[in-house]
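Student: I have a structure I would like to understand better, so I am pasting it below and will then ask my questions one at a time.
What follows draws every value from the coordinates through simple rules; no lab data is involved. In this text, all values refer to a predicted model and were calculated from it rather than measured experimentally. Using ideal geometry, Cβ is built from the backbone for each residue, glycine included, and neighbour counts are taken over all protein chains shown.
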Amino acid sequence: VAELGTPTRSVITTCAYCGVGCSFKAEMNGDQLVRMVPYKHGKANRGHSCVKGRFAYGYAAHQDRILKPMIRERIEDPWREVAWDEALAFAADRMRGIQERHGRRSVGVITSSRCTNEETYLVQKLTRAVFLNNNTDTCARVCHSPTGYGLGKTFGTSAGTQDFDSVEQTDVVLIIGANPTDGHPVFASRLKKRLRQGAKLIVVDPRRTDIVRSAHVEASHHLPLRPGTNVAVISAMAHVIVTEGLMDEAYIRDRCDWDEFQHYAEFIADPRHAPEATETLTGVPAAELRAAARLFATGGNGAIYYGLGVTEHSQGSTTVMAIANLAMLTGNIGRPGVGVNPLRGQNNVQGACDMGSFPHELPGYRHVKMPDVRAIFENAWGVQIDPEPGLRIPNMLDAAVEGTFKGLYCQGEDILQSDPDTHHVAAGLAAMECVIVHDLFLNETANYAHVFLPGSSFLEKDGTFTNAERRINRVRKVMAPRNGYEDWEITQMLANAMGAGWHYTHPSQIMDEIAATTPSFAGVSYERLEELGSVQWPCNEAAPTGTPLMHVDGFQSGRGHFVITEYIPTDERTSPRFPLLLTTGRILSQYNVGAQTRRTENTAWHGQDVLEIHPHDAETRGIRDGDWVRLASRAGETTLMVTLTERVSPGVVYTTFHHPATQANVVTTDFSDWATNCPEYKVTAVQVSPSNGP
Ligand code: SF4
């Protein structure tokens, strides 16, 4: 700070990392960012922050930033720096030519949950109003798409039900498949504070995560389930509650579809769901599970927080619905201190989903097949919208390999490093005639690109992010874009190079269009955000200052819907060749593929992803702490260093995917959630054997 001088001005903006959505004061000396100070009036963080938000912004000024557009005829050619006009004309010509030769559905887009609501809205509009198809998807496909499906089916709204503040009234915290200490650090601190005040804790996770070890709560339960058995564990909890008469019948009669409940109760009471019947399958002791179920049903206000350990499975959507069933069964929806809360990984996963970045849904989670919904956007945009849902990310890659999908605009997303089955992703990208990468850095996906459009960092743009509690926070421009343009401007320039004729001059105009077309955002404007600081959707005539708690007076669809959630084992099975189960996750100081955090000096990083293995499994393989090992699955293999730890159970190994050199996703497979195609990152049958190193 001393070197950068004394701050002369400050700008309030929002962290661009996780779904907590912390507010910061960016303190500036002229055009130089001196430091990021947690903003004490930020409603999501109240003056707190974690190491990433506070210190990991150096990437925005990193020498690896690409600041000029580049093109090349073939991916074997060297990149050629060109003017913006030339790059955009090149991209537009290629995409237009592909559509002329292969049809309008032969191209598509992938946007990122790192982008603002306004950018994401424009990218799906580009797909629907310029490319004239619905091939638009977002990285939520590979994280929280089952949340959209599961909560939509049960509650009628695809979003978390509580605000962060209401955890202060929670008596029992149930965490399923989430590691908030590493993934959502500021909210984890609030959870731990509540636990220190006496709230009870139940954690369902194959790993002994930090919150299990640090909670210091005598009545806590850790249910270390075998990866892939979430549905069986939650159903067993529901079985105990129903068969012991612990459900909240008055709530169910008042708020839920009673016939559906009776059908569900009959299903869940079947002895095959009993903890004793599922103990061998799940690995969770029946007595412990019974105790946890009784605590959740009778311990007062119960709140459920879940993460990617729920969604990234072949039964991800089923698990989300099982969680919703459990909450309705115990009357834990619609008042302070209770609810179901997906802990969104990225800063704007919620917003990307809200903004219609799905191939089947227009903004506001409305199906593209509905003529009255299409009519709203057709009137606003002056085009006919394709009534057929488009391709999801894995379908785009499959179609590319098959030769029917030829052009991709990929904004802020490195699918080669982050998506499963790296070899298949590479084959899909290599088969395309035009790949446009729009990003800060020449990422791994750019190895297969023909056009590179340099992006702007979160410090260089205006817009909004929506956090995990549906809170719409302003992102404010702190400095001029080093690449010359904000990202929404670049998308607009690409659309106009294709003949669109858009003329937005500020993202507030895009938000006005969102408000005009999307009922849950009808009351949102930049003026309202300035006035209130932030606002939680729905924000409209009925709720002009927003909605901290959902479903207070009943569910959006009228009644809550119980859904039958049969456990179906994943097809990914261990075998003598691949006897261990790999599950993946993140560490506090790094962020997903590490594009930003690896380029920031002041975050701790040991330089590589590490494989956690139980000492027993290591010993039987002749592996010692710190050894190099070969990690192999049926999809591929990589080399990692191991650490021996009892955080994982025997039979389970764990790693992160922060570094491209590790390529952990080389080993993850193409299995995915039955409803949404969210990849099954959390269950891969693997073998671990000694290695001499990479
Ligand atoms: Fe940023 Fe999340 Fe850390 Fe807050 S908790 S500072 S939003 S990474």
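Student: What size of dipole, in debye to the nearest 20, comes out for the chain about its Cα centre when the only charges are +1 on Lys and Arg C-beta atoms and -1 on Asp and Glu C-beta atoms? Spell out each step's value before the answer.
Tutor: Values: 65 positive and 79 negative charges, 250 e Å.
Around 1200 debye, computed over the chain.
Student: Express in nm, to one decimal, how much length is gained between ALA542 and ALA89 on full extension, taking 0.36 nm for each residue of separation and deducting their alpha carbon distance. Intermediate values should be presented prior to the final figure.
Tutor: Values: separation 453, 0.36 × 453 = 163.08 nm, distance 4.55 nm.
That pair, ALA542 and ALA89, stretches by 158.5 nm at full extension.
Student: Next up: With a point put 7 Å past each Cα toward its Cβ, work out how far ASP625 is from ARG482 in nm, to one decimal.
Tutor: 3.9
Student: Also: Out of residues 5 or more away from LEU549 or on other chains, whose amide H comes under 5 Å of its own, with H placed 1.01 Å from N in the peptide plane?
Tutor: HN-HN under 5 Å from LEU549: empty list.
Student: When the Karplus curve 6.51 cos²θ - 1.76 cosθ + 1.60 is applied with θ = phi - 60°, which whole-Hz ³J(HN,Hα) does each residue of region 186-202 get, with x for Gly and Pro?
Tutor: 5, 5, 4, 5, 5, 4, 5, 4, 5, 5, 5, 7, x, 5, 8, 10, 10
Student: Among bridges DSSP assigns within the chain, what percent are antiparallel (round to 5)? Intermediate values should be presented prior to the final figure.
Tutor: Numbers: 44 of 87 bridges.
That works out to approximately 50 percent antiparallel.
Student: Moving to a separate point now. If I model a spin label at GLU527 and LEU281 as a point 7 Å from the Cα along the Cα→Cβ vector, what separation in nanometres do I get?
Tutor: Each label point is offset 7 Å from its Cα along the Cβ direction, giving 5.7 nm.
Student: Count neighbours as other Cβ atoms within 10 Å of each site's Cβ, and list the trypsin sites (Lys or Arg not before Pro) in region 1-83 that are DSSP loop with at most 16 such neighbours. Kindly include the intermediate steps, with their values, before the conclusion.
Tutor: Numbers: sites: ARG9, LYS25, ARG35, LYS40, LYS43, ARG46, LYS52, ARG54, ARG65, ARG72, ARG74, ARG80; in loops: LYS40, LYS43, ARG46, ARG65, ARG72, ARG74.
Hits after loop and neighbour filter: LYS40, ARG46, ARG72, ARG74.
Student: If you find the alpha carbon centre of region 369-427 and of region 240-266, how far apart are they in angstrom?
Tutor: Centre-to-centre (Cα) distance: 40 Å.
Student: What is the gain in length, in nm to one decimal, between LYS369 and HIS506 on full extension, counting 0.36 nm per residue of separation less the C-alpha to C-alpha distance? Walk me through the numbers before you get to the answer.
Tutor: On the way: separation 137, 0.36 × 137 = 49.32 nm, distance 3.10 nm.
Result: 46.2 nm gained on full extension.
Student: Still on this model: Working from the pairwise distances between different alpha carbons, so that the mean of 1/r is found and then inverted, what is region 9-61's Kirkwood radius in Å? The partial results should precede the final answer.
Tutor: Numbers: mean 1/r = 0.0908 Å⁻¹.
One over the average 1/r among Cα pairs gives 11.0 Å for region 9-61.
Student: Continuing with this model, one more query. Per-residue ellipticity at 222 nm for the chain, helices alone: DSSP H runs ≥ 4 residues times -39500 (n - 2.57), over residue total, nearest 500 deg cm²/dmol?
Tutor: Numbers: 23 runs with 211 residues, N = 694.
The per-residue figure over the chain is -8500 deg cm²/dmol.
Student: Where a ≥ b ≥ c are the square roots of the eigenvalues of the C-alpha gyration tensor, would you call region 580-690 rounded, which needs a/c under 1.5, or, failing that, prolate if a/b is larger than b/c, or oblate?
Tutor: Numbers: a/c = 1.78, a/b = 1.06, b/c = 1.68.
Note, shape of region 580-690 comes out oblate.
Student: Sticking with this one: Whole-Hz ³J(HN,Hα) for each residue in region 546-552, computed from phi via Karplus 6.51 cos²θ - 1.76 cosθ + 1.60 with θ = phi - 60°, x for glycine and proline: what do you get?
Tutor: So the Karplus estimates, Gly and Pro as x, are x, 9, x, 10, 8, 6, 5 Hz.
Student: Moving on to the next point. Of all DSSP beta bridges located in region 596-694, what percent are antiparallel, nearest 5?
Tutor: Values: 12 of 16 bridges.
Taking every DSSP beta bridge with both residues in region 596-694, the antiparallel ones total about 75 percent.
Student: Per residue, what volume in Å³ does the convex hull of the Cα atoms of the chain enclose? Don't skip to the end; give the middle numbers.
Tutor: On the way: hull volume 104.3 nm³, N = 694.
Each residue corresponds to 150 Å³ of Cα convex hull volume.
Student: Find how many whole Å separate the alpha carbon centroid of region 150-213 from the alpha carbon centroid of region 37-88.
Tutor: 31
Student: Then there's this: If you put +1 on each Lys and Arg Cβ and -1 on each Asp and Glu Cβ, how big is the dipole of region 9-61 around its Cα centre, in Debye rounded to 20? Mind dumping the intermediate values first?
Tutor: Details: 8 positive and 2 negative charges, 48 e Å.
Using only the charged Cβ atoms, the result is roughly 240 debye.
Student: Using a simple spin-label model with points 7 Å from Cα along the Cα→Cβ vector, what separation in nm is obtained for GLU249 and SER189?
Tutor: Result for the modelled spin labels: 4.6 nm.
Student: Dividing the Cα radius of gyration by the Kirkwood radius, what Rg/Rh value follows for region 145-342?
Tutor: Numbers: Rg = 15.2 Å, Rh = 16.4 Å.
Computed over Cα atoms, the ratio is 0.92.
Student: Next question. Pairwise over distinct Cα atoms, reciprocal of the mean inverse distance: report the Kirkwood radius of region 612-670 in Å, one decimal place.
Tutor: Values: mean 1/r = 0.0841 Å⁻¹.
Roughly 11.9 Å, rounded to one decimal.
Student: How much length is gained on full extension from ASP77 to THR298, taking 0.36 nm per residue of separation minus their Cα-Cα distance? Mind showing how you got there, number by number?
Tutor: Details: separation 221, 0.36 × 221 = 79.56 nm, distance 6.55 nm.
Once the chain is fully extended between ASP77 and THR298, it gains 73.0 nm.
Student: Let me ask you something else. Could you pull out every residue, at least 5 positions away or on a different chain, whose amide H is within less than 5 Å of the one on PHE555? Hs are placed 1.01 Å off N in the peptide plane, and Pro or chain starts have none.
Tutor: Excluding prolines and chain starts, which carry no amide H, the hits are GLY560.
Student: Turning to a different aspect of this structure: Would you mind checking which residues have amide H under 5 Å from LYS200's amide H? H placed 1.01 Å from N; only 5 or more apart, or other chain.
Tutor: VAL172, VAL173
Student: For region 137-152, what does the Karplus curve 6.51 cos²θ - 1.76 cosθ + 1.60, with θ = phi - 60°, yield as ³J(HN,Hα) per residue in whole Hz, taken in order and with x for Gly and Pro?
Tutor: For region 137-152, the Karplus curve yields 9, 9, 5, 4, 3, 9, 9, 10, 4, x, 5, x, 5, x, 6, x Hz.
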